[in-house]
């Protein structure tokens with residue numbers, strides 16, 4: 001299995017531009033999570049989906065951030081318009097949720113730099 | 001609000017030492033606790049998962065303990081090696097959500 005796949009691995013953009021981050025979860029997993037990691041705040045959960053449905057988006061910082069999961073094998077995190085303080089590493093993780101907690105597997109992350 | 005803290009923030013030791021990394025959390029109403037390793041520029045690798053009903057888990061040279069009543073977990077690394085150099089993160093698990101600690105950056109030198 002290829003694991004969780006994220007693209008791009010690195011993104012450099014200018015303030016005000018739209019940024020789209022992509023994630024392909026592990027095949028068969030039914031939960032998907034988006035995290036953000038910064039030096040100041042560490043790793044924070046932004047949003048997660050179960051069976052393609054957003055369950056908790058309380059970690060999404062502002063309306064500039066949006067996430068979609070149109071099918072079980074693809075999710076996007078979009079920032080529009082981007083700002084320098086959005087610079088961070090964004091991780092996607094997936095798991096197979098049944099009863100209780102099930103281990104999350106993380107992708108390699110997308111390093112975003114907003115100039 | 002659950003807060004998770006790890007001490008020390010950074011640690012540099014010679015090869016062969018036994019290490020203890022600490023994780024504390026403010027709300028004992030957690031389901032489980034998990035320890036991860038993060039290498040520079042990489043994602044997270046799960047090391048140990050401790051269920052709320054357990055008090056410890058072991059994998060090779062790693063041993064993690066959990067004391068929910070005191071809000072603490074420790075990760076013990078025996079006979080450290082340079083390949084153990086990485087950032088170690090603990091995360092408390094509340095339903096499906098992981099709440100991460102601040103991390104301990106470990107360097108083991110030959």
Handout entry: chain A: relative contact order as a whole-number percent, Cα under 8 Å and 6+ apart
Key = 37
Fill in the blank from the handout: Going from the fewest other Cβ atoms within 10 Å to the most, one would list A:69, A:15, A:39 as A:39, A:15, A:69
Problem - Centre separation in Å (Cα based) which lies between region A:4-46 and region B:1-74 - result: 24
Handout entry: Taking the convex hull of Cα positions in chain B, its mean projected area over all directions (nm²)
Key = 6.5
Practice task
Would you kindly compute the Cα radius of gyration of region A:21-115 and its largest Cα-Cα separation (Dmax), both in Å?
Solution key: 12.9, 43
Problem - Computed lengthening from residue A:30 to residue A:111, 0.36 nm per intervening residue step minus Cα-Cα distance - result: 26.7 nm
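Just to verify a number: FRET efficiency for residue B:39 and residue B:67, C-beta to C-beta distance, R0 = 41 Å, to 0.05?
Numbers: r = 28 Å, r/R0 = 0.69.
E(calc), rounded to 0.05, equals 0.90.
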Completion exercise
Working note, region B:1-54: Cα radius of gyration (Å, one decimal) and Dmax (Å, whole number) are 13.5, 38
Problem - Ranked list, fewest to most other Cβ atoms within 10 Å of each Cβ, for A:29, A:10 - result: A:10, A:29
Practice task
Using only alpha carbon pairs under 8 Å that are at least six residues apart, calculate the relative contact order of region B:19-110 and give it in whole percent.
Solution key: 32
Problem - Dmax and Rg, reported as Rg then Dmax, of the protein assembly as shown (C-alpha, Å) - result: 17.6, 50
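None of the figures in this text is laboratory data; all of them are computed from the coordinates on show. Predicted model, so just to flag it, every value in this text is computed and none were measured. No Cβ is skipped: glycine too gets one built from the backbone with ideal geometry, and neighbour counts run over all protein chains shown.
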